[in-house]
Structures are given as structure tokens and as C-alpha cells.
């Protein structure tokens, strides 16, 4: 029953949050609509670099986590006996 209440709350928040207003840029010299500068290229480069970094660092992170979990489990077993 809790998940139903949570779904109702989340749905209500989504409906009540005001939509972002579209910003229209007008060029002062021509009076025509100007295209806003897109951050799409920057975002794509950043996500590509993040993906490469995650691929390179994944083995080191997995080894670190396995070592920490192994030492935690090892300490629990030795303290019981």
C-alpha cells in the first residue's frame, strides 16, 4: 500500500511542478529570432569522456570494492569464533 501512496505523491508533484517556459532570443540588429547556443556538443563530449573514464577505472573500482567486502566478511567470520 505504501508504493501506491508514493506513486500518487510523485504523480501529483509531476503535475503541479510548473513547466519551464521557452526562452526566445531576438537579435537586436535584425529583429529576427536568434538561435540559442546549444550545449549539446559539450554534453556529448563530456559524456564520452565519462564513459571512457568509467571503462578504464571499472577494474580498479571492482577490485577495491571486492577487497573491502572481503575484509568486512572476513572480520565478521573471525570475530564469531
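The values are calculated or read from the model by the stated rules, or taken from the named source; none is laboratory data. Owing to the predicted nature of the structure, the values given are computational and were not obtained by experimental measurement. Virtual Cβ from ideal backbone geometry, glycine too; neighbours counted across all protein chains shown.
Computed quantities for the displayed model
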{"read-out": "Any hit, segment 5-18, residues being modelled with pLDDT under 80 and not in a helix (DSSP H, G or I)", "value": "yes"}
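Quick grid of which residues meet (1) out of contact with any helix residue (DSSP H, G or I) (no Cβ under 7 Å at 6 or more places or on another chain); (2) surrounded by 10 or more Cβ atoms within 10 Å (Cβ to Cβ); (3) at pLDDT below 85:
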{"position": "2", "(1), (2), (3)": "yes, no, yes"}
{"position": "24", "(1), (2), (3)": "yes, no, yes"}
{"position": "27", "(1), (2), (3)": "yes, yes, yes"}
{"position": "54", "(1), (2), (3)": "yes, yes, no"}
{"position": "63", "(1), (2), (3)": "yes, yes, no"}
